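> Okay, here's the structure, questions in a sec.
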Amino acid sequence: MYEHFDIGTQIRRLRTKKGLTQEKFAELSGLSVNFISKLERGQMDNISITNIIKICNAMNISISELVNDDPTQALMGFPKSTLTLIQLLKDINPPDLDKLSTDLIPLIREFRSLSQSHYHAN
């Protein structure tokens, strides 16, 4: 049921929705900024229930809110074009979707890198 659940993205979405910086969130949760940053970027494969509880307590939410089963809630705030893209991706068979994703991931990472370097240059 949760094999494709991205807890880091969900945590980032909820944290920003609550107006918390990573630094403030780290302070409230008792976790390090480095830990939160890695978690939100998907660089951690698993997280302990103890840390999940710390995260939920810091945001004053329940665990069920963190792992919200309603996909429409998890997608709230995305632009309409992104939701259209997600819908199109859902209609692709898994082997083709895996190939497409494999091709897109480097492009998205390059775009993010260029966007960040452009942002920091200004």
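Values quoted throughout were computed directly from the atomic coordinates according to the rules given, and no laboratory measurement underlies them. Please read these numbers as outputs of a predicted model, since none were measured by experiment.
> Rounded, prolate or oblate: pick one for segment 7-69, where a ≥ b ≥ c are the square roots of the eigenvalues of its C-alpha gyration tensor, a/c under 1.5 means rounded, and failing that, prolate if a/b is larger than b/c, else oblate. Mind dumping the intermediate values first?
On the way: a/c = 1.25, a/b = 1.06, b/c = 1.18.
The shape class here is rounded.
> Using Cα-Cα distances under 8 Å and only pairs 6 or more residues apart, what relative contact order does segment 7-69 have, in percent?
Once divided by the residue count of segment 7-69, the mean separation gives 43 percent.
> How much length would be gained if the chain were fully extended between residue 67 and residue 117, taking 0.36 nm per residue of separation minus their Cα-Cα distance, in nm to one decimal? Could the numbers behind the result be given before it?
Numbers: separation 50, 0.36 × 50 = 18.00 nm, distance 3.29 nm.
Roughly 14.7 nm would be gained on extension.
> Just to be sure I understand, if you calculate Rg and Dmax of the Cα atoms in Å for this structure, which of [x] 17.2, 66; [y] 16.1, 44; [z] 15.6, 50 do you get?
[y]
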